[in-house]
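Down below is the structure, laid out as structure tokens.
The values are calculated or read from the model by the stated rules, or taken from the named source; none is laboratory data. Treat the numbers as computed from the prediction; the structure is a model and nothing was measured. Note: ideal-geometry Cβ built from the backbone for every residue, glycine included; neighbour counts use all protein chains shown. The area values use the complete protein model at the heavy-atom level, side chains included, leaving out ligands, DNA and RNA. Shrake-Rupley method; radii C 1.70, N 1.55, O 1.52, S 1.80 Å.
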Amino acid sequence: MKVSSVSDLLQSSLFLQEVAVKGWVRTFRSNRFIALNDGSTINNIQCVVDFENTDEAVLKRISTGAAVSIKGTLVESQGRGQKVEIQVLEIEILGDSNPDEYPIQPKRHTLEFLRENAHLRVRTNTFSAVMRVRSALSFAVHKYFQENGFNYVNTPIITGSDAEGAGEMFRVSTFEPNEAPLTEDGKVDFSQDFFGKETNLTVSGQLEAETYAMALGKVYTFGPTFRAENSNTTRHLAEFWMIEPEVAFMDLDGNMDLSEDFIKSVLSYVLENCKDDLAFLDQRLTQEEKSKPQAERSEMSLLEKLHFVVDNNFKRVSYTEAIDILRNSKPNKKKKFQFPINEWGADLQSEHERFLVEKHFKCPVILFDYPASIKAFYMRLNEDGKTVRAMDVLFPGIGEIVGGSQREERLDVLKEKIETMGIDEKELWWYLDLRKYGTAVHSGFGLGFERLVQFATGMNNIRDVIPFPRTPQNAEF
Ligand code: 4AD
Ligand code: MG
């Protein structure tokens, strides 16, 4: 007999038909009502056990967490809250779950507790909803790019270059820590290592993606990215997924348009296709907000925020304008910022970004034309000689969700930049080749996938939107 998904059964009206379903018991009450979930939807199907005709030994084994196989008749439900239910004819326990030991009891658990049980937390409503939305968002990402003429490229995970010049990388080596061969001047001799040079886990696929954009025109990456920055925040992971489109013949304005259209498109997709999960997450967030002091509560519910972003234009503001706004802002004058804004050229901290988005403009903001000195070497220098064609998309509650730029396509300017930033030109010979052979204006950006999932689900901590988070001091599972 065909096993149906709970999701299909809940929408079915094949009443009085015999159906089969497999899943896990969420709750079992009155020796009669099983709330069964199989992961296909946030909703459970109620399965009514005929306890008088069911073996007592079997009844005892129906407990929260147990895997069961059920055959029964689909009927219209008498109870409230559901349209259909299954009258059980046959139940088989596939896998027991000892109720005295099973950590995921049918009650409210803290997110901290669930993080420690990350292998089981997806069995809760919250995490199953988050992970289904995450999956739908991944699909929406591919759908958007594939429907708009982009080619998916897989850039290397092990690289010899530091794309962001930030130096916060995880080394890849086969040397034994204390037995690495040394050169004459006592440094580790990486020429004898596996790749014959120093290598690390990639911080971005951008540089390699650029090579492909300069032949395929429009490309995107969507893969794991690694940063060894020791920042224990609710927005940083050591291992995260990044989406990086790169487009030939596109300038910064086109890049801003692309980022805005892309984000709106994928959020619209989940609004349309994850209704039940988002309704649940909306409720969850509203509950969570109630525990905060009035002043810190969000004015909008999750669904309102998502619709707001999809329906409104992002505000485009230059770095210079933003600095003026920040310098004259109340928190700056009252010395409320941890990092006061005094001068043009200051790097913006998350507190400043959030002020601009949440307090000043009250909508997503695209900041552009940043000082060259605070941005990566590959960004195109403006005519003023001091700013670069960079852009960051800033989101409420999240801060920076996208970082991108128009790339420096002029060989001489790029070489000079590489030199002043103290980067070894030889390491980038292949990147410079792009500027020697058929160079052209091109642009792209990187979107942190987990930050997008955070925004879409309303989860406050980035550790709660990736199955097994990797953060400083934590690589369990
Ligand atoms: O701004 P970033 O560093 O930009 C780049 O890496 C460029 N190469 C992208 C490009 O132009 N192709 O990172 C891009 C985005 C950030 O805006 C943020 O959303 C996310 O990646 N991100 C992180 N997400 C989670 N944990 C971290 N440690 C992150 N670091 C960056
Ligand atoms: Mg950035």
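Observations on the structure shown:
- With a Förster radius of 41 Å applied to the C-beta separation of Glu92 and Phe249, the computed FRET efficiency comes to 0.10.
- The spacing between segment 131-177 and segment 204-232, judged by their C-alpha centroids, is 6 Å.
- HN-Hα J in Hz across segment 25-37 - Karplus 6.51, -1.76, 1.60, θ = phi - 60°, x for Gly and Pro: 6, 8, 8, 9, 10, 6, 6, 9, 9, 9, 9, 10, 10
- Measuring nothing but how far apart in sequence close Cα pairs (under 8 Å, 6+ apart) lie, relative to its length, the chain scores a relative contact order of 13 percent.
- Converting phi to 3J(HN,Hα) with the Karplus coefficients 6.51, -1.76 and 1.60 and the offset θ = phi - 60°, segment 293-309 yields x, 2, 5, 8, 6, 6, 6, 10, 7, 4, 5, 4, 4, 5, 5, 4, 5 Hz in sequence order, with x at every glycine or proline.
- Coordinate range along principal axes, alpha carbons of the chain, Å, largest first: 85, 57, 44
- Between segment 41-81 and segment 329-376, the alpha-carbon center distance in angstrom: 56
- In order along segment 438-446, the phi-based Karplus estimate (6.51 cos²θ - 1.76 cosθ + 1.60, θ = phi - 60°) of 3J(HN,Hα) comes to x, 5, 7, 3, 7, 8, x, 8, x Hz; Gly and Pro are listed as x.
- Residues of segment 3-102: accessible area per residue with a 1.4 Å probe, Å²: 54
- Label-point gap, in nm, between Arg297 and Arg108 - each point 7 angstrom along Cα→Cβ: 1.5
- Taking only alpha carbon atoms, segment 3-102 gives an Rg to Rh ratio of 0.93, where Rh is the Kirkwood radius.
- Per residue, the chain reaches -9000 deg cm²/dmol at 222 nm when only DSSP H runs of four or more residues are counted, each adding -39500 (n - 2.57).
- Built amide H within the under 5 Å cut-off of Ile157, gap 5+: none
- Whether segment 139-298 is rounded, prolate or oblate, judged on the alpha carbon gyration tensor where a/c under 1.5 counts as rounded: oblate
- Fraction of accessible area attributable to carbon and sulfur, the chain (%, probe 1.4 Å): 48
- Virtual spin-label span in nm between Val75 and Ser191, 7 Å along Cα→Cβ: 8.2
- With each label modelled as a point 7 angstrom along the Cα→C-beta vector, the Val3-Arg410 pair spans 6.4 nm.
- Using the Cβ-Cβ distance between Thr183 and Ile157 with R0 set to 30 Å, the FRET efficiency works out to roughly 0.65.
- Fully extended contour minus Cα-Cα distance, from Phe339 to Ala475, at 0.36 nm per residue: 45.8 nm
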